[in-house]
Every structure is written in C-alpha cells, then in structure tokens.
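The values are calculated or read from the model by the stated rules, or taken from the named source; none is laboratory data. Model, not experiment: these values are computed from the prediction. Note that we place each Cβ from the backbone using ideal geometry, even for glycine, and neighbour counts take in every protein chain shown.
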Ligand SMILES: [Zn+2]
Ligand SMILES: [Zn+2]
C-alpha cells in the first residue's frame, strides 16, 4: 500500500501505474524467451540442425526487437524551444485578459514579435497555449498529461513503452512495431507444429508443453494486433496525420477563399517528410523526419478546387 500523502498522488503512485504495463510486457518477453529457447529448442526439438537454425533465426529477430524496445522507451523527446515559453509577467498578463479578443491580441503580438509560423488555432479562434507548461503551442504540439509536458508533433502516449510518441521518435516506434510484428509471426509459425502435436496428443503430452501452446496463441494474437497497428500507422504516414489529429481535426486559421487546409502533401512527399528519401535509413533508428518539429508546411485548397 502506498504511504504517500494526498499531495503525492500524482508522483509516485502515478509513476507505479505508468510502469505497470512495461513490467508486464518485460515479464511476458522473458517468459516467451524461456518457453522458446528452453522448453521448445532445448527440451523438445530432437534434431540438432533444426534446433540451431531455429535458435539462430530467433535471436536474429529477438535482439533487434529488444534493442528497439529500449531505444523507444528511453528516448527523450525534443522539448518545445525556449522562445515559445512565456515569462511569468507575460503569463500573468495573458491570464488577466478580460475577453477572447484581448487574449488573441496579446498572443498575436507574441507571435509577431518572435516571427513564429503558426497555422492552427484553438476552438475560440485564438492561438493555442498550454497553461501547465506556460508556453505557446506550436502547430501539432499537444500536452501529454502522463508525461506532464508539451510534446512536439505528438502522436500518442504509449503505455507499453511508458513514453510519448512524437516528432523525434515516431519512426523508432514504427520500427519497433514492425520488428515486434515480424518476431511474433516467426514465433507463432515455428511453435505451431508443437502446439498442434500437444493438442492432438493431449493425454500423452506433458503439461509443461502447455507453455508452448499458450505462447503460440499469445504471440499469434500479438502478431495480428501489431499488423493492424502497423497498417494503421503506415496510413497515418502516407496521409501526414497524427493519431491526435485523426481523433480531433486541427483548427486552421480561416483564410478567405480557402475551403480546406491540410498537412497532406501527397503520399510520396508525406513519406519522405517522415522517413527521409534514403531507403538505407528507413529501417534504422536514426532521425530522418524533415524540419524542426515546430513549423510545418501546409497545403491550402481554394473554393474552386473542391
Ligand atoms: Zn504543456
Ligand atoms: Zn506522454
């Protein structure tokens, strides 16, 4: 039981809750490793050649997946640049604004003074700002209540890596999903034979082989779920859209004669903006996203084109 005071609720108790999915996943990874290497390869497979091939392929997929998992988990996001931060006197002035127009004018002057390029607006038509971090939100920046920080080009907060997925680590996350998906498909396909044997010879099979059956179904279910997630995020990359934006459409500043504003510049350009043009880097954890993470190109469609 937590011995924290009431004020500590958002610190250690929340931390424990945040770490729980990560611990659960790491325990599952350890268990699947044990089942595959010891229960299946060492104790069940009789052919030495087959055992060596399975173990080699297993580790060739398992190690990159594990490295990507820790990279995605411990990656620290780029912060919103300091220029976007409000000084305490400016913030007090903003908070004492008596109307939306006055608030807009204060923020408009701040944007003009700093030469910021901001196309998105809040629902009331003003510039977006964060009262928690006390800063002006650049386009595509959102506040993550779990990380308690504003994340540039935020996609979502992933509980399985206990980290936000945003501008600097979105590609790492996609590579992690891809490596994990391939690993799970390999795992399920190579354990299938032994899973089937257990089910067909239930009475003579040893109970410890039940581990293989459970691991088969767990990895198969995970592989299918990861495939769906991978396809979903590929679609997001090709549409130049984040998960947050797919749930809540961004409000762009209204421009006379413009019917639609979007970040979507076409499949190829969108893909290159996120993953770069050099295919050598597509599957490696190196930052290839174009830009600085706070200013983004937009496409405007005029009324006649719709
Ligand atoms: Zn914030
Ligand atoms: Zn977060």
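Laid out as a table, the results:
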{"quantity": "Residue within region 26-47 that is surrounded by 11 or more Cβ atoms within 10 Å (Cβ to Cβ), without any contact (Cβ under 8 Å) to a residue 12 or more places away in the chain and closer than 19 Å to residue 157 by Cβ present", "calculated": "yes"}
{"quantity": "Unique residue being touching a helix residue (DSSP H, G or I) at 6+ places or on another chain (Cβ under 9 Å) and over 18 Å from residue 68 (Cβ atoms) when the list is 137, 123", "calculated": "137"}
{"quantity": "Selection from region 160-200 of residues that are under 25 Å from residue 35 (Cα atoms) and within 13 Å of ligand 2 (Cβ to nearest atom)", "calculated": "160, 161"}
{"quantity": "Qualifying residue in region 181-200 (condition: in a loop (DSSP other than H, G, I, E, B), touching a residue at least 12 places away in the same chain (Cβ under 8 Å) and either in contact with a helix residue (DSSP H, G or I) (Cβ under 8 Å, 6 or more places away or on another chain) or within 22 Å of residue 289 (Cβ to Cβ) (or both))", "calculated": "no"}
{"quantity": "Test result for residue 168, surrounded by fewer than 22 Cβ atoms within 10 Å (Cβ to Cβ) and within 15 Å of ligand 1 (Cβ to nearest atom)", "calculated": "no"}
{"quantity": "Tally of residues being touching a strand residue (DSSP E or B) at 6+ places or on another chain (Cβ under 6 Å) and assigned to a helix (DSSP H, G or I) across region 233-290", "calculated": "2"}
{"quantity": "Selection count where residues are free of Cβ contacts under 8 Å to residues at least 24 places away in the same chain and within 16 Å of ligand 2 (Cβ to nearest atom), scope region 105-146", "calculated": "5"}
{"quantity": "Region 61-100 - residue that is outside any helix (DSSP H, G or I) and more than 16 Å from ligand 2 (Cβ to nearest atom) and, of those, surrounded by the most Cβ atoms within 10 Å (Cβ to Cβ)", "calculated": "86"}
{"quantity": "Counted residues, region 121-142 - those being over 16 Å from residue 105 (Cβ atoms) and crowded, with 20+ Cβ neighbours inside 10 Å", "calculated": "7"}
{"quantity": "For residue 59: the one exception among (1) within 30 Å of residue 23 (Cα to Cα); (2) away from ligand 1 (no atom under 16 Å from the Cβ); (3) modelled with pLDDT under 95", "calculated": "(3)"}
